[in-house]
Structure formats: C-alpha cells, structure tokens
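Colleague: Structure provided below as structure tokens; questions to follow.
The values are calculated or read from the model by the stated rules, or taken from the named source; none is laboratory data. This one's a predicted model, so the numbers in the text were calculated from it and none came from an experiment. Cβ atoms come from the backbone with ideal geometry, glycine included; neighbour counts cover every protein chain shown. Surface accessibility is based on the protein's heavy atoms, side chains included, excluding ligands, DNA and RNA. Shrake-Rupley method; radii C 1.70, N 1.55, O 1.52, S 1.80 Å.
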Amino acid sequence: MRSPHRFALAGLTALALLGAGCSSGSSGSSSSKWNTATSAASGGGMAALVKAAKSEGTLNVIALPPTWANYGNIIKQFTKTYGIKVVSANPDGSSQDEVNAVKSEHGTSKAPDVMDVGMAVALVSTNLFAPYEVSAWSSIPAAQKDPKGLWTQDYGGYMSIGYNSAKLGTITSVSQLLGSKFKNAVALNGNPTEANAALSGVMMANLAQGGTADSLAKGVAFFHQLKQKGNFSPVQATPATIKAGTTPVVINWDYLNTASVVGQGANWKVFVPSNAILGGYYAQAINKTAPHPAAARLWEEFLYSQTATGGQNLWLAGGARPVEMTAMTSNGSIDKTAAAALPPVAGTPVFLSATQATDAATYLAANWAKAVK
Amino acid sequence: MVAVNVLGEGALVDPSARPPGMQLGRRKRLNLFRWVTFTIFGLFFLLPLIAMIRFSLEGKKPGTFSLTAWAQIGSTPDLVSAIEITLELAVITCAVMLVLLVPTMIWIRLRVQRISQIFEFLCLLPLTIPAIVLVVGLQPIYNQIEHYNVSALQLFWVYVILALPYAYRSLSAGLIAIDATTLSEAARSLGANWATVILRVIVPNMWQAIMNALLLTAALVLGEFTIAEILNDITLQVALFNISRATANAGVLFSTSTAALLFAFVLLLILSYAGRRRRRA
Amino acid sequence: MPFLAYVGVFLLLPTGIVIWDAVKNPAGQFDLASLKLLFNPEVRTFFTGSIELSALSSVVGAVFGAILAYAVASGNPDGVVRRLYLSGSGVLAQFGGVTLAFAFNAAIGPSTGFLFHAGWYYDFPGGIALIYIYFQIPLMVLVFLPAIDGLKIQWREATENLGGSTWHYWRYVGFPLLAPAFIGATLLLFANALSAYATIQAWENQIAYTAPQQIYIAINSEVGLASNEGDIIAVGMMVLVAIIMVGYFRLQRRAARWLR
C-alpha cells in the first residue's frame, strides 16, 4: 500500500525540517551561577561578569526602537564595548508585548533577557523578574527602585507638546489646541487604551484642563471637544507623518519629541505645559529565566554606569532624564551640554500611582472610543 | 440587434459566417463593454501601484528621481535577512504542502472516496478561523516548538495550514478536470503499480493545478503578517511594517513591495502560459 | 493519520485554547459569564465596525468583481487579456495587508497623496473601505469566474431560439443560475474582510474600529486591562465567521449542481 510510504516520507520531512532551521542548539538558560546573582559583587565581581557575558555572546532585547531615547546608539555602544551581539525583537512593541514574549517564549533561547517597561506593567509582572542591584544602586533615589531590586527605574521624561512653529506659530498652552488653525493637526503617540505614552498624553491634557490624577474625565472630554472641532488627527504620529505634515502637533514624551528624533530642524519646538507637568519613568527588569543571565546583568551595569559613554549619559543625549541625574550632577559626571538642552520644567511634576494608572485605563476602556469616533 | 421571431428564423447573417454562438451585433456590444470594463478596472488597480513605483523612485527632494530606495533593499541588513527568511519559508511551506497534500488527495480520490467529505471539510476549515484568532491560541504551542528551534522558519507549520484551503481547491479542480479515476484504471489495467500510477500518470497530467496550488501557497507566505508579528518573528511583511514605524524615509518600503509584487505577478503569468503548452502537447 | 494529527495540533488545538481561555474565569473553571462581555456596548461597537466595513467592501467588491469576471469570462479562453487579469487577480487577492495599505497611503493619503489628497481617507469607513474593495474585487473574480464559465452557451442560444432578448436571458436564466454562486462568493468576501487585520493596522489610523484590532489591543495593551478580553472577542468572531461560512458552503453546493 502506498500509505505507509507516504506517512514515513512526511514524517521524515517533518523531522528534517525541524532540525533544518539552523537552531542555536540548546534550549533555555544554562545553569550559570549568574542566574541567581543579585549583584555583580555577589556573583564574583565585574571582571567575572564581563567574562561570563562575553562567553554567552548574545543578548536578547525587545521593544527598543532605535530612536527611542537614543537606544540605537546605546545598543551599538554596548556591542562595541563588550563585543556581545544584541538581538532586538519587535522594536515597535509595547511594554505588554515584552511581558507576553517573556511568558510565551519561556524556556527558549529566544526569550527576552531584559525588559524596559512602563511602571503599570512592571508592578504587576514582578513574578517574572529576577532581583538584581546594579553597582550604582546607591545613586538611585529610593522611591525609584524596588527594595528587593526586582525593577529599577531607568529614565523618564515629561509629557510635552511638539509642534511645527513655522506653520503654527508659538503654542504655550493646551487649550490653544482647540483653536481653528489646528484642523486635523493634533495627534497622540498611539491609542490610549493600548499605549502608555498615549494614556499619559490624555492625562496631561486632563491636568491642564483642571482635572486631577484621580479622574481622567476632563482629559477625555477635552479630546472629545478636539474631535468635534475637527482638530484631532487619528493618525499614528511617526517621523514620517511629521515630515509629511500630516501631524504637525504631536503629544508625546519630551524625549520622543526632540527635533532630532522626529527628524525636523529648528522649526520644531517642544514645550511642557506649565500647569500640567506629567512625568513618567520606565523601569528595567531582568527576566528570571533569562537565556543569557550574565549578559543580561552586564547590560544593566552598562545602562546604569555613570561614565561618559555609559547608559545614563547616552539616555540623556537622547533627551530623556536618567534616573541617576541628581547624583551625577553633584559628582560632575553628567553630560552638561545634553542636560542644558532639556526642555525647561518649572513646578512640581505629577507621577501617576499604580491605582491612578489603572483607574485611568478603566475609564478609557469605557469612554475613549465613544469620545473620538 | 438581429430580430428573431418565435419560430427561430430570421437570422440576417449567414449562419456559417456567425462567430460561434453569438450574433455579430451583440458581439460588438459585448466587446465594447469588455474594453470599457477592462480600462476602468485596469486604471483602478494600476493607480496605487503606480503611486508605489513613483515613491520608490523618489529622490532626496520631492519631485526628483533616484534609485536609492532600490539600492536600499540590499543595504538594509534587517530587510535582507527578512527577505531571505521569507523566501526560505515559502520554499519549505510549498515543499511540505506538496508532499502532504498531493499524494493524500490522489489517494483519497482513487481509493477511499468515503472520507473525501471529511477531508474537504478539514482542508477548508482554516478559512473559518481568522489568523488573528488562531495566533492567540498558537502561542503556547509555538512556545513548545521554540524549545527545540527558535528560527522564524518554524512558521511553516502554521503557514501550511493557512494555505490548505487554496491549495486544496486548486488540486481538487485539477483532479476533477483530468478524470483521475479513469486514468488510473487504465494504467492499472496495463499493469502499473500504485506508485507508478501516482507519479507517472496522474501527477504529470495535473501539473498545472499543482503549480497553481504551490504559487497560491507561496503568495500567501509572502504576504502573511498577522501571525508572524504576534509570534515575534521577523518576516518580510513584519520588517516592512517596523521600518514604516521607525523611519521617516519610506522609499525602501515601496521598492521592496513593488519588487515582491512584480515577482509574484511574473511567476503567475509564466505559469498560465506553461499550462497552456502542456494542454496542447 | 498524521494529516489529521497535524491539522489537529495546528488548527484545532489553538482554536480550543482560545475558546477555553474565553470561558474560563480567573479561578480557572468553566464559566460562561465572561462571555457576557460580548454584549458590552464598547465591545459591540467593534463588532458593528467590523460588520459595517465588511458588508460595504464585500457587496461593492462582489458587484464590481462580478462585472469584471463576466468581462474576463466572455473573452477568448486562451487570450492574453484573460491571462493578465487572472494572474493579476491571483496576485492582488493576496497583496492585501501591509504593502497594500502603504500603496494607498502613497496614492491618496492626505499629505503624501500622489494622485490627490483624500480628506476622507482617515475617516471610517472612508479610505480603509476603498483598500478592502481593492483586494475584494480580485478575490471575487477568482471565486466567481468558474461559475460564469459554467454558464453554457447552449442556454443562451436556447433563449434566443425561443425569442428571448438579452434582458430575458439574464432575468430568467442567467441571474437565477448565478444567484447562489454570487451570494456565496459575497459571503466569502464578507468573511475575508472580517478577518482582515494587517491592512487596517498599516492604515495608520490609531483608533480601533474592528474586532481584530481590538483583539490585538487586548493582548498587547500596556495600560493593564481585562485579562481574557482578546479571547472573548476571538470567540465572538469565530461564531460570526462560522455562520457565514456555513452559508457559503451551502450555496456552493447549490451552485455546483447546476454549473459543473
């Protein structure tokens, strides 16, 4: 009968194909002692860490767009300094994508080693993180790190409005955006029910319109008004749309709104509304079952290093405020030119607590679609 | 329009001079209709493609021409590896489809017609489950696969499933057209064993249907985005999407898309000519 | 049979997982209460959006596709034009997705439009409906052409011999015969549009109008929302598509009887 031959053939083909896709062989993380090291010192010192990381040879990162806070250069610098290849997956992904990938790729050599996530996601995903304290631990303010070292804030910024001043003059307040010259002009960075940056944008408008961090109602109402007047643009703001003039006003984190990031020149201005300073920091975390535990920890050391080419100053060069900024300004290791280039902020910034963020998200889920459709 | 009375007489044109099955006047009207239709639809389909080509030739200043975007296809490393992976995926998926479906379908048609209904149902089932739904449930399964091999090439497992309905319909139409049963009976009565029947009698006769099925499969793999993106694999479509979000200079998007489209179109065109030659031979 | 096992693992199992996740409550037990989410006003708008877009693009696509199919079918069976349009349809039907959206963004997008700037491009259904129609028409041609090919010349001649005109032919012979195939094909187009995800993602409009978009948001949202909303919407979609496809298969059988 023909059948057994066919089955065998199919089976063989399948097996061959399984093996064919140039696998890097072993699955999951090795039984390296770096898997459980909670600091460089406890694992045997920085030199040992560098050696172990180099022998691992690869680092898996996820959701790091090259133009986001200078990540492109950060990755290049890391590879240049240590010779470790960085595999960057899903650059356009969200914080939730990172956590999803850690869960769905658990135990494989493809799983992300490290994560850079928004606080809302970080706080609910701590069961996936490994505790680790970088060498610069003491330079990080207590409020910006988890006491057990499960997550550590890394850089942040304030919600800002970036705009084409040649076309639209000077903008100084959020309410101005309701004016008639802003037809189809105002865009967010994403969908607020999905993206942290967009949710924070709505919250900023909320604060500017007199609302509080506990209720997002005024913010959503503002966008509803914007839509009624025809000023709201549903288009995803990207450097391409800014260049093309589709989205001449973009509400986004200040480090994503710098002229160089959006690919514009001196005509592109950025400001943080004086009555609505909404700050947000992201946080680093190490995957508890990282396939490359030593490389992961070395990456963290690199990111928090205060040297001129270390992560902190590189983030600053990208327009973001590094978490060790206060400490580095006192000890002089800060890049002064870059620091001076940050948009001026006068006043006390508001940071959303976990409850406030969740309430905002729930409110949006029920009301955003209705407001802007 | 030629008047025809109830008794069927009255053709004003000599019947033997009539184009087969149709009166001359009607033929003319039909041709007019056809040319108008083709022109309108042709324009509709061509215009976005023309826009794409125009953008792929855009130089630094709007309005100038330059081949940079085309050169960038080769010089963007992420794109090159994504193209490689996608092409390899297409080949693997086609190969698996060939080995899996062709013998099975021939076998069922010739020997076990009873299960052909169930088989058809299974093959057409993927049409009813949207990719976005499927991928949600696929994640844990792919997690297991990735314990062995993390390459994006593993996508072929699910791509074969996605292409099943299209390949099935093509092969099925081919099998019916060549009346496989009669052919195989003839071959068997001449003493051929089953392997010969399948390999040397049936397959050569349904070559066009097989090629068509493989081409539809390849087109599907080249265009698939949803599953690859959500499973974090970088294929051509995913790479293009990422580039569109990241960079302001989108020229390379258009050049790659145009190239892919031309590639597929030329292949299909060649296939349709190759089929004709076979039939006449 | 290994074939069954293969399909089982990669098609039936994921579907089962999605369904199971949807009817599970946080404690991990079978609980249909979560499905009530499908009747939430917000979730309903996603389905409405999906259905609106799919209905519009499938009906328009079907009508125009049928006209084009007839034009192709009534020509030389071996001619260049037929080949061109068939190959083109084969390619264009799969062209949908990311690259097609880019092409349209380039052609009529509000700012970069090569042809003209369509102010309605980012409205809904607006531009996305046009993009959907672009790949629905070729699909219609591919699916419907065999039916038109099946209209036998003899039937036309018979009508004429009995004194009928073109109008009579279509009214009493052509349309009734083609109706099941036409409706069936429209249903297929409808299901195709319902499932489409890549195209509308690349359309660059951030507002989620359709169910597939909401599924994506539900599984990828970083602002922390309902856990299995994605699965629930997926189940809703599956039911909808299943109903459509049953209708399609039924009509296919009816059409095949006459036109084979």
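Colleague: Residues B:S75, B:S66: which one is open to solvent by less than 50 Å² (accessible area, probe 1.4 Å) and of a type in the set (S, T, N, Q)? If you could, list the steps in order and put the result at the bottom.
Modeller: Values: B:S75 fails: open to solvent by less than 50 Å² (accessible area, probe 1.4 Å).
Selected residue: B:S66, the only one of B:S75, B:S66 that is open to solvent by less than 50 Å² (accessible area, probe 1.4 Å) and of a type in the set (S, T, N, Q).
Colleague: Let me ask something else about it. Just need a number here: residues in region A:85-96 that are hydroxyl-bearing (S, T, Y) and either part of a helix (DSSP H, G or I) or open to solvent by 20 Å² or more (accessible area, probe 1.4 Å) (or both).
Modeller: 2
Colleague: Regarding C:V72, is this residue under 30 Å from B:L268 (Cβ atoms), modelled with pLDDT of 75 or more and open to solvent by 50 Å² or more (accessible area, probe 1.4 Å)?
Modeller: On the way: under 30 Å from B:L268 (Cβ atoms): yes; modelled with pLDDT of 75 or more: yes; open to solvent by 50 Å² or more (accessible area, probe 1.4 Å): no.
No.
Colleague: Given the criterion open to solvent by 40 Å² or more (accessible area, probe 1.4 Å), in contact with a strand residue (DSSP E or B) (Cβ under 7 Å, 6 or more places away or on another chain) and over 19 Å from B:N232 (Cα atoms), identify the matching residue among A:T79, A:T67. Please lay out each step first, then the result.
Modeller: Numbers: A:T67 fails: in contact with a strand residue (DSSP E or B) (Cβ under 7 Å, 6 or more places away or on another chain).
Testing whether each residue is open to solvent by 40 Å² or more (accessible area, probe 1.4 Å), in contact with a strand residue (DSSP E or B) (Cβ under 7 Å, 6 or more places away or on another chain) and over 19 Å from B:N232 (Cα atoms) leaves just A:T79.
Colleague: If you take the residues in region C:116-142 that are in a helix (DSSP H, G or I), open to solvent by 10 Å² or more (accessible area, probe 1.4 Å) and away from chain B (no Cβ under 12 Å), which one is modelled with the lowest pLDDT?
Modeller: Here the answer is C:G119.
Colleague: Checking B:F241 against (1) of a type in the set (A, V, I, L, M, F, W, C); (2) open to solvent by 40 Å² or more (accessible area, probe 1.4 Å); (3) at the interface with chain C (Cβ under 10 Å from one of its Cβ atoms): exactly one of these is not met. Which one?
Modeller: (2)
Colleague: So, in region B:93-131, how many residues would count as being within 18 Å of the chain's Cα centre (by Cα) and within 20 Å of B:I230 (Cβ to Cβ)?
Modeller: Of the residues in region B:93-131, 4 are within 18 Å of the chain's Cα centre (by Cα) and within 20 Å of B:I230 (Cβ to Cβ).
Colleague: Another question about this same structure. Look at B:F121 and say whether it is aromatic (F, W, Y) and either touching a His at 6+ places or on another chain (Cβ under 9 Å) or open to solvent by 10 Å² or more (accessible area, probe 1.4 Å) (or both). Show your work before the answer.
Modeller: On the way: aromatic (F, W, Y): yes; either touching a His at 6+ places or on another chain (Cβ under 9 Å) or open to solvent by 10 Å² or more (accessible area, probe 1.4 Å) (or both): yes.
Answer is yes for this residue.
Colleague: So, restricting to helices (runs of 4 or more DSSP H) that lie completely within region A:323-373, which ones have at least 2 residues that are modelled with pLDDT of 85 or more, touching a Leu at 6+ places or on another chain (Cβ under 7 Å) and within 14 Å of chain C (Cβ to nearest Cβ)?
Modeller: A:354-372
Yes/no per residue for (1) over 25 Å from A:L352 (Cβ atoms); (2) at pLDDT below 90; (3) among the small types (G, A, S); (4) under 16 Å from the mean Cα position of the chain (by Cα):
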{"residue": "A:Y71", "(1), (2), (3), (4)": "no, no, no, yes"}
{"residue": "A:Q77", "(1), (2), (3), (4)": "yes, no, no, no"}
{"residue": "A:K80", "(1), (2), (3), (4)": "yes, no, no, no"}
{"residue": "A:V99", "(1), (2), (3), (4)": "no, yes, no, yes"}
{"residue": "A:G107", "(1), (2), (3), (4)": "yes, yes, yes, no"}
{"residue": "A:L123", "(1), (2), (3), (4)": "no, yes, no, yes"}
{"residue": "A:Q153", "(1), (2), (3), (4)": "no, no, no, yes"}
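Colleague: Within region A:209-226, can you find the residues that are open to solvent by less than 20 Å² (accessible area, probe 1.4 Å) and touching a residue at least 12 places away in the same chain (Cβ under 8 Å)? Talk me through it step by step, then tell me what you get.
Modeller: Start the filter on region A:209-226 by keeping residues that are open to solvent by less than 20 Å² (accessible area, probe 1.4 Å), which leaves A:211, A:213, A:216, A:219-220, A:222-223, A:226.
Residues satisfying the conditions are A:A213, A:L216, A:G219, A:V220, A:F222, A:F223, A:L226.
Colleague: Inspect all residues belonging to region A:54-63 and state whether any of them is on the phi > 0 side of the Ramachandran plot and either modelled with pLDDT of 90 or more or open to solvent by 30 Å² or more (accessible area, probe 1.4 Å) (or both). Lay out the reasoning, then the answer.
Modeller: In the first step, residues of region A:54-63 are kept if they are on the phi > 0 side of the Ramachandran plot; the result is A:57, A:63.
Filter again for either modelled with pLDDT of 90 or more or open to solvent by 30 Å² or more (accessible area, probe 1.4 Å) (or both), leaving A:57, A:63.
Scanning region A:54-63, I find at least one residue that is on the phi > 0 side of the Ramachandran plot and either modelled with pLDDT of 90 or more or open to solvent by 30 Å² or more (accessible area, probe 1.4 Å) (or both), so the answer is yes.
Colleague: Please work out if B:P140 is open to solvent by 40 Å² or more (accessible area, probe 1.4 Å) and closer than 29 Å to C:I217 by Cβ. I'd like the intermediate steps shown before the answer.
Modeller: Details: open to solvent by 40 Å² or more (accessible area, probe 1.4 Å): yes; closer than 29 Å to C:I217 by Cβ: yes.
Yes, satisfied.
Colleague: Hey, can you tell me all the residues within region A:207-225 that are outside any loop (DSSP other than H, G, I, E, B) and either closer than 20 Å to A:S165 by Cβ or at pLDDT below 90 (or both)?
Modeller: Hit for region A:207-225 is A:A208, nothing else.
Colleague: Taking B:Y168 as meeting all but one of (1) in contact with a Phe, Trp or Tyr (Cβ under 9 Å, 6 or more places away or on another chain); (2) under 18 Å from B:A90 (Cα atoms); (3) at the interface with another protein chain (Cβ under 8 Å from one of its Cβ atoms), write down the number of the exception.
Modeller: Failed condition: (3).
Colleague: Kindly evaluate A:T247 against the criterion of being assigned to a helix (DSSP H, G or I), surrounded by 24 or more Cβ atoms within 10 Å (Cβ to Cβ) and within 14 Å of chain B (Cβ to nearest Cβ).
Modeller: On the way: assigned to a helix (DSSP H, G or I): no; surrounded by 24 or more Cβ atoms within 10 Å (Cβ to Cβ): yes; within 14 Å of chain B (Cβ to nearest Cβ): yes.
So A:T247 fails the test.
Colleague: Read through the list (1) out of contact with any Asp or Glu (no Cβ under 7 Å at 6 or more places or on another chain); (2) over 30 Å from A:T289 (Cβ atoms), then give the number of the only condition that A:G157 fails.
Modeller: (1)
Colleague: Can you report the number of residues in region B:185-200 which are more than 17 Å from B:R109 (Cα to Cα) and open to solvent by 100 Å² or more (accessible area, probe 1.4 Å)? First the steps, then the outcome.
Modeller: Pass one, region B:185-200, residues more than 17 Å from B:R109 (Cα to Cα): B:189-192.
From what's left, open to solvent by 100 Å² or more (accessible area, probe 1.4 Å): B:190.
Number satisfying all stated conditions: 1.
Colleague: So if I check each of B:F44, B:F55, which one is modelled with pLDDT of 80 or more and either part of a helix (DSSP H, G or I) or facing chain C (nearest Cβ under 10 Å) (or both)? I'd like the intermediate steps shown before the answer.
Modeller: Numbers: B:F55 fails: modelled with pLDDT of 80 or more.
Every option except B:F44 fails the conditions.
Colleague: Using the structure shown, decide if C:L145 is more than 30 Å from A:Q228 (Cβ to Cβ) and open to solvent by 30 Å² or more (accessible area, probe 1.4 Å).
Modeller: Details: more than 30 Å from A:Q228 (Cβ to Cβ): yes; open to solvent by 30 Å² or more (accessible area, probe 1.4 Å): no.
Considered against the rule, which asks whether it is more than 30 Å from A:Q228 (Cβ to Cβ) and open to solvent by 30 Å² or more (accessible area, probe 1.4 Å), C:L145 comes out as no.
Colleague: Answer yes if at least one residue in region B:60-78 is modelled with pLDDT under 80, at the interface with chain C (Cβ under 8 Å from one of its Cβ atoms) and part of a helix (DSSP H, G or I), and no otherwise. Don't jump to the end; show me each part of the working.
Modeller: So in region B:60-78, the residues modelled with pLDDT under 80 come out as B:60-78.
So of that shortlist, the ones also at the interface with chain C (Cβ under 8 Å from one of its Cβ atoms) come out as none.
No: region B:60-78 contains no residue that is modelled with pLDDT under 80, at the interface with chain C (Cβ under 8 Å from one of its Cβ atoms) and part of a helix (DSSP H, G or I).
Colleague: Please specify each residue of region C:155-177 satisfying the condition of being assigned to a helix (DSSP H, G or I), out of contact with any Ser or Thr (no Cβ under 8 Å at 6 or more places or on another chain) and buried (at least 17 other Cβ atoms within 10 Å of the Cβ). Outline the logic, then answer.
Modeller: So in region C:155-177, the residues assigned to a helix (DSSP H, G or I) come out as C:155-161, C:166-177.
The next check asks that each one be out of contact with any Ser or Thr (no Cβ under 8 Å at 6 or more places or on another chain); those that pass are C:155-161, C:166-167, C:170-171, C:174-177.
Within region C:155-177, C:R156, C:T159, C:E160, C:G174, C:L177 meet the criteria.
Colleague: Does A:A294 meet the test of being open to solvent by less than 10 Å² (accessible area, probe 1.4 Å), of a type outside the set (S, T, N, Q) and touching an Asp or Glu at 6+ places or on another chain (Cβ under 9 Å)?
Modeller: Working: open to solvent by less than 10 Å² (accessible area, probe 1.4 Å): yes; of a type outside the set (S, T, N, Q): yes; touching an Asp or Glu at 6+ places or on another chain (Cβ under 9 Å): yes.
Yes: the conditions hold for A:A294.
Colleague: If you go through region A:97-131 one residue at a time, how many are open to solvent by 10 Å² or more (accessible area, probe 1.4 Å) and either farther than 21 Å from C:S221 by Cβ or part of a helix (DSSP H, G or I) (or both)?
Modeller: Residues in region A:97-131 being open to solvent by 10 Å² or more (accessible area, probe 1.4 Å) and either farther than 21 Å from C:S221 by Cβ or part of a helix (DSSP H, G or I) (or both): 15 in total.
Colleague: Here's something else I'd like to know. Among residues belonging to region B:149-165 that are more than 14 Å from chain A (Cβ to nearest Cβ) and open to solvent by less than 20 Å² (accessible area, probe 1.4 Å), point out the one that is farthest from B:T217 (Cα to Cα). Working first, answer last.
Modeller: First, the residues of region B:149-165 that are more than 14 Å from chain A (Cβ to nearest Cβ): B:162-165.
Narrowing the set further to residues that are open to solvent by less than 20 Å² (accessible area, probe 1.4 Å) leaves B:163-165.
Numbers: B:A163: 5, B:L164: 8, B:P165: 10 Å.
Only one residue tops the list, namely B:P165.
Colleague: Is at least one residue of region A:272-286 in contact with a helix residue (DSSP H, G or I) (Cβ under 7 Å, 6 or more places away or on another chain) and open to solvent by 30 Å² or more (accessible area, probe 1.4 Å)?
Modeller: Of region A:272-286, the ones in contact with a helix residue (DSSP H, G or I) (Cβ under 7 Å, 6 or more places away or on another chain) are A:272-273, A:275-276, A:278, A:280-281, A:283-286.
Of the ones still in play, those that are also open to solvent by 30 Å² or more (accessible area, probe 1.4 Å) are A:275, A:281.
Looking for residues that are in contact with a helix residue (DSSP H, G or I) (Cβ under 7 Å, 6 or more places away or on another chain) and open to solvent by 30 Å² or more (accessible area, probe 1.4 Å), one finds at least one in region A:272-286, hence yes.
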